[in-house]
Amino acid sequence: MWRSCLRLRGGGRHLLNCPRGGLTASTGLGPKPPAHARAYAPPAAERKRFYQNVSISQGEAGFEINLDHRKLRTPQAKLFTVPSEALAVAVATEWDSQQDTIKTYTMHLTTLCNTSLDNPTQRDKDQLIWAAVKFLDTDTVCCRVEEPETLVELQRNEWDPVIGWAERRYGVKIGSSTSIVGPSIPARTREVLVSHLASYNTWALQGIEFVVSQLKSMVLTLGLIDLHLTVEQAVLLSRLEEAFQIQKWGNVEWAHDYELQDLRARTAAGALFVHLCSESSAVKHKLLQG
């Protein structure tokens, strides 16, 4: 039996028929590894591109990624299946964008999908929620310095409005502190945010925790996911003290710029992942053509 799937090739997108069956493969070339060899481990940083065409197809459990006629698999050799067509298109684009070598460290959406499918740390939904909420105790925008005065003022002017927005948006008290032990977050604040995060599915929560860990801030992550902040704004606010030090002492040639761009890429991918995993409607094929 044949089905319709989306094919990505040469920067263009068009529909064609793809076989339902065919060879299966992991992220590399070769046969499916035996069960005893499926310990979770990320793939090599770079490897030679072994496929020509990338396509997506719909299976029983969701949308699948095809590298030529091979089915993409996770590091634990599970069939790589995502819940939405939009996410499948985004992941397929990552694979299609690779040139002579596959740079897996740039494929953040693929990595997040692998984590959601394999769940290497074996965490359930409640554990993911609390892992994100615990960042409030050391939240970047809540932990302040006492000196120098110029940095104190900078933090107050840039971070206070974001905290104020979050407090109004969720009807909670967050505040800030210069104490070495961090801010004192009221129990009700945690309860409200836990309840809010519980409205997301497990896949989206993987993305939220990923963004929180990149920005070191639950407050900034909420602002980003709620579209109150752009990726650029959230990243700059998370690096406010570093930016202050760079302005004072100077920039390390190429190093700081690379770190900034890498953080932007990771944060953008995480935010996109959250929204695509929360999207219930299918992507219209006519929007993908042309």
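The values are calculated or read from the model by the stated rules, or taken from the named source; none is laboratory data. This one's a predicted model, so the numbers in the text were calculated from it and none came from an experiment. Heads up, the Cβs are rebuilt from the backbone with ideal geometry, glycines too, and the neighbour counts pull from every protein chain shown. SASA here: full protein model, heavy atoms, side chains in, ligands and nucleic acids out. Shrake-Rupley method; radii C 1.70, N 1.55, O 1.52, S 1.80 Å.
Values for this structure:
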| item | result |
| --- | --- |
| Rounded to the nearest 10 Å², the accessible area of Ser199 at probe 1.4 Å | 90 Å² |
| Cα-Cα pairs of the stretch 123-288 separated by more than 26 Å (percent) | 31 percent |
| Largest-first ellipsoid semi-axes for the stretch 48-121, taking √(5λ) over the Cα gyration tensor eigenvalues, angstrom | 18, 15, 11 |
| Paramagnetic label zone (point 7 Å from Cα along Cα-to-C-beta, Glu241; backbone N under 13 Å) in the stretch 153-178 | 155-156, 177-178 |
| Gain on full stretching of the segment that runs from Trp249 to Glu149 - 0.36 nm per residue minus C-alpha separation | 34.3 nm |
| Average accessible surface area per residue within the stretch 48-121, 1.4 Å rolling probe, Å² | 37 Å² |
| Added length on full extension, which subtracts the Cα-Cα distance from 0.36 nm per residue, Ser177 to Asn201 | 5.4 nm |
| Heavy-atom surface of the stretch 123-288, accessible at 1.4 Å and reported per residue (Å²) | 52 Å² |
